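Colleague: Sharing a structure with you now.
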Amino acid sequence: MKKYVAEAIGTMTLVLLGCGTAMLVGCDPASGSTYLLTALAFGLTIVGMAYCVGNISGCHINPAVSLGVLIQGGINVTEFIGYCISQCIGALVGSALTAAIFSMGGITDQTGGLGSNGLGGVGGSAPAGLLVEILLTFIFVLVILGVTSKKAGHGSFGGVVIGFTLVLVHIFGIGLTGTSVNPARSIGPAIMAAIGGNTEPLTSLWVFIVGPLVGAAIAAFVYKYLESDK
């Protein structure tokens, strides 16, 4: 049970700090500094959580990462389901907290949707958004599997490598889809935005669930092949 609690806390923190920063500063590519701040918020949160709950749950805080670990044999199906449920609960709580803070403080949400993902940067094209999410998640999960492999020997630097890889994929992807690479991170804000009356994020939510899961599965099978002695 402790690993599920750890996953919920980690995902809550990711959504609170990552999406919360996006809500504060905005995600306009023309504003380079604010764009970078949002990318750093997501990446640095992963770094912190990796060293906080990594020894308890592995710090997946992302159903796509959990799927990759499942395919690699690191967890079983029951654990995978428990991880995903915990991560989604954590994302919902994190998004509810950001909504409460902004509402009580009278603060303008610069994203208009609690930091939810969208297809505006790709002209509303679901296929383009899906491709972006598959590719970015493939890269992100491939790095995670490589860094955490027993053969890698990266030791205590793994969390830093993973965190800054997330910064990198956000720098590329924010202007396109808002960068999900994490179904839970997308589900939480979309549902909370809908509760608040903005149902638009729900229309494209499937892209940010399917894309990351497909990208993670491809990464897991590719890395399994690359690492195999056969």
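Yes or no, residue by residue, for (1) among the β-branched types (Val, Ile, Thr); (2) touching a Gly at 6+ places or on another chain (Cβ under 9 Å); (3) surrounded by fewer than 23 Cβ atoms within 10 Å (Cβ to Cβ); (4) more than 17 Å from residue 110 (Cα to Cα):
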{"position": "174", "(1), (2), (3), (4)": "yes, yes, yes, no"}
{"position": "177", "(1), (2), (3), (4)": "yes, yes, no, no"}
{"position": "181", "(1), (2), (3), (4)": "yes, yes, no, yes"}
{"position": "188", "(1), (2), (3), (4)": "no, yes, no, yes"}
{"position": "201", "(1), (2), (3), (4)": "no, yes, no, no"}
{"position": "205", "(1), (2), (3), (4)": "no, no, yes, yes"}
{"position": "222", "(1), (2), (3), (4)": "yes, no, yes, yes"}
{"position": "228", "(1), (2), (3), (4)": "no, no, yes, yes"}
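Colleague: State yes or no: is residue 113 in a helix (DSSP H, G or I) and in contact (Cβ under 8 Å) with a residue 40 or more places away in the chain? Please lay out each step first, then the result.
Modeller: Numbers: in a helix (DSSP H, G or I): no; in contact (Cβ under 8 Å) with a residue 40 or more places away in the chain: yes.
Here the answer is no, as residue 113 does not meet what is asked.
Colleague: From the list 181, 147, 167, which residue is in contact with a helix residue (DSSP H, G or I) (Cβ under 7 Å, 6 or more places away or on another chain) and at pLDDT below 95?
Modeller: Values: 181 fails: at pLDDT below 95; 167 fails: at pLDDT below 95.
The conditions single out 147.
Colleague: When the residues of the range 150-160 are narrowed to those that are among the hydrophobic types (A, V, I, L, M, F, W, C) and farther than 17 Å from residue 53 by Cβ, which ends up modelled with the highest pLDDT? If you could, list the steps in order and put the result at the bottom.
Modeller: Pass one, the range 150-160, residues among the hydrophobic types (A, V, I, L, M, F, W, C): 152, 157, 160.
Now drop any that are not farther than 17 Å from residue 53 by Cβ, which leaves 152, 157.
Numbers: 152: 63, 157: 80.
Once the filter is applied, the top-ranked residue is 157.
Colleague: I'm trying to understand the selection: among the residues of the range 7-49, which are out of contact with any Phe, Trp or Tyr (no Cβ under 9 Å at 6 or more places or on another chain) and outside any helix (DSSP H, G or I)?
Modeller: Within the range 7-49, 30, 31 qualify.
For every residue, the table says whether it meets (1) under 24 Å from residue 108 (Cβ atoms); (2) surrounded by 20 or more Cβ atoms within 10 Å (Cβ to Cβ).
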{"position": "9", "(1), (2)": "no, yes"}
{"position": "18", "(1), (2)": "yes, yes"}
{"position": "28", "(1), (2)": "yes, no"}
{"position": "38", "(1), (2)": "yes, yes"}
{"position": "57", "(1), (2)": "no, yes"}
{"position": "60", "(1), (2)": "no, yes"}
{"position": "68", "(1), (2)": "no, yes"}
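Colleague: May I ask you to list the residues in the range 171-204 that are without any contact (Cβ under 8 Å) to a residue 24 or more places away in the chain, assigned to a loop (DSSP other than H, G, I, E, B) and not polar (S, T, N, Q)?
Modeller: 197
Colleague: Check whether at least one residue in the range 187-203 is of a type outside the set (A, V, I, L, M) and under 18 Å from residue 14 (Cα atoms), and report yes or no.
Modeller: Filtering the range 187-203 for residues of a type outside the set (A, V, I, L, M) gives 188-189, 196-201, 203.
In the following step, the residues that additionally are under 18 Å from residue 14 (Cα atoms) were identified as 188-189.
Yes, the range 187-203 contains a residue that is of a type outside the set (A, V, I, L, M) and under 18 Å from residue 14 (Cα atoms).
The values are calculated or read from the model by the stated rules, or taken from the named source; none is laboratory data. Nothing here was measured: the structure is a model prediction, and the numbers come from that model. For neighbour counting, all protein chains shown are included, and Cβ atoms are generated from backbone atoms with ideal geometry for every residue, glycine included.
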